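Heads up, the thing below is written out as structure tokens.
The values are calculated or read from the model by the stated rules, or taken from the named source; none is laboratory data. Computed from a predicted structure; not experimentally measured. As a convention, Cβ positions derive from the backbone with ideal geometry for all residues, glycine included, and neighbour counts pool all protein chains shown. Note: areas computed on protein heavy atoms with side chains; ligands, DNA, RNA excluded. Shrake-Rupley method; radii C 1.70, N 1.55, O 1.52, S 1.80 Å.
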Amino acid sequence: MLGNGAFAERRPQLTFAALAAVGVVLLAPLLTRPTYALLLPVLLVAVGLAWVSPAIPLALGGIPPLVDAIAGSNPLPKGGFTLLFSAWIALGVAFLIMRGRGRDGERGLLSVPVLASCFLLGLMVLRLSASPDQVYGSMKLELYVADVLIFFFAAIFVGSRRADLNLFLIVLLGVTALSGLLFLFQLVTGAAQQVLNGRFSITTQEYPIDLARASADGLLIAIYFLLSGDRRSLRVPVALITPAVAITMIAAGSRGPVVAFVVGLIALLALSATSPRARRRFAVVGAMFALLAIVVPLVVPSSTIGRALSTIVGSASGLSSNGRSGLWSSAIAAFSQHFGLGLGTGGFAAQPAAISDGVQYPHNLFLEVASEFGIVGLAALVAALGGIVARLGALWRSTAGEDRLLATILIALFVTAVTNACISEAIYGNGEVWLWGGLAIGMGARTVRRTGLPEWRGASARAG
């Protein structure tokens, strides 16, 4: 493999041409079907983008809702986008390894969070047969691999290369900006989809909370670029698209992502205060939020704004658990009754509280894992997330300048994702926790290799 990687690194054009030729031969039968033949150029472009960097397919993982909105419906069978993006991301990582540019990422794969996350996968496989809802359990297992682990592993490789990490953040912000601009156009023209009462999305296929989460992440990344960007050519476009992203987050009408965004913003501003450049630009961020306070009420219905901000302002509806307290109580009870190994993969879906509420998970990552996999699974989850927290802390302490600001945005995004994971979605819907953690692990591996210091202890000693 090392020999192949070295050759690919010396002759990337020849390697890519050979792979393209093999692909054309394999796909030649499709030329007899005109409809499929039209997809061949798209496939070749996708392979080319994966060759450039795995950061591109990883960041474009949020593009399916845009495709649904433009096409009017999902053009692929159920699960099609998940399968395609999983394969595309894996291909990008394979290219990186083949070219000999993934050594730091490979070291990151031996970290505690990765091993603990893989242990959790093994536990899911072992406990599937014990589940009272094996159909949902099988789906959960598949989605954990596709939407969590593949993104996690790819993020480690992307984070291990500074250029790839920057590219990832820029492309991800671009996707979020496109969604925001499309949504703003729909909102102004009255074409926005009101999926639930007072909650909007760009398409009926996308749940508002997912749109709000993506917009919150995009807004934090935009603020990071405003604080850290050294080029006006980057800061000006970011400043122009930021209002559309913020309006999208509020108009989705979901309280959890707004609360998580505030928590992440506090972390971002507090940790950025150590940078003189960032401190000088705090006034710009303040002016932007003042502008948003004027613009948002002009385009977003007041009832939607009230719901999105209800938790922040402390209204009765905002303080309500929205039925989650019953689910949480049920998960705690299941954990106490099945303390060792839990109910089994997907087993919470068969609980009376889940059936009566029409949900399959308790809307809390820790309670979900505890109820279905017991103390063993909960320990694996805590080890995975604890290892990421330790990596983020060591990374922030051992870096300076632009690298410290990069560590700061990863901390803010991770805190946001964990906050979201405590109040909504199933484990496979909280892949952002592992995504941001993976970027931190990869960045940490690169930092350790560059400084030549022993991992953890050396980084801490340097910081001291």
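Relative intensity of the stretch 52-193 on a log10 scale, I(q)/I(0) at q = 0.09 Å⁻¹, equals -0.37, per a Debye sum over C-alpha point scatterers of equal strength in the absence of solvent. Per residue, the accessible area of the stretch 183-268 comes to 34 Å² when a 1.4 Å probe rolls over the protein heavy atoms. 3J(HN,Hα) along the stretch 403-410, derived from phi through the Karplus expression 6.51 cos²θ - 1.76 cosθ + 1.60 where θ = phi - 60°, amounts to 5, 5, 5, 5, 4, 5, 5, 5 Hz, with x in place of Gly and Pro. Between amide H atoms placed 1.01 Å from N, distances below 5 Å from ARG99 occur with no residue 5 or more places distant or on a separate chain. Using a probe radius of 1.4 angstrom, the carbon and sulfur fraction of the accessible surface of the stretch 103-230 is 65%. Long-range amide H contacts for GLY342: which residues qualify at under 5 Å (H placed 1.01 Å from N, peptide plane, sequence gap of 5 or more or a different chain)? When sequence neighbours closer than 5 places are left aside, the close amide H contacts are GLY374, ILE375. At an R0 of 56 angstrom, the distance between the Cβ atoms of LEU341 and VAL188 translates into a FRET efficiency of 0.60.
In the neighborhood of ALA130, defined by Cβ-to-Cβ distances under 15 Å, what is the net charge if each Lys or Arg adds +1 and each Asp or Glu adds -1? Here the count lands on 0. Stretching ILE355 away from ALA163 to a fully extended chain increases their span by 64.4 nm, per 0.36 nm per residue minus the current alpha-carbon distance.
A dipole drawn for the stretch 120-203 from +1 and -1 charges on Cβ atoms has a positive end, and of VAL125, PHE157, VAL135 the residue lying farthest that way is PHE157.
The residues of the stretch 99-177 present an accessible area of 38 Å² per residue when probed at 1.4 Å with all protein chains retained.
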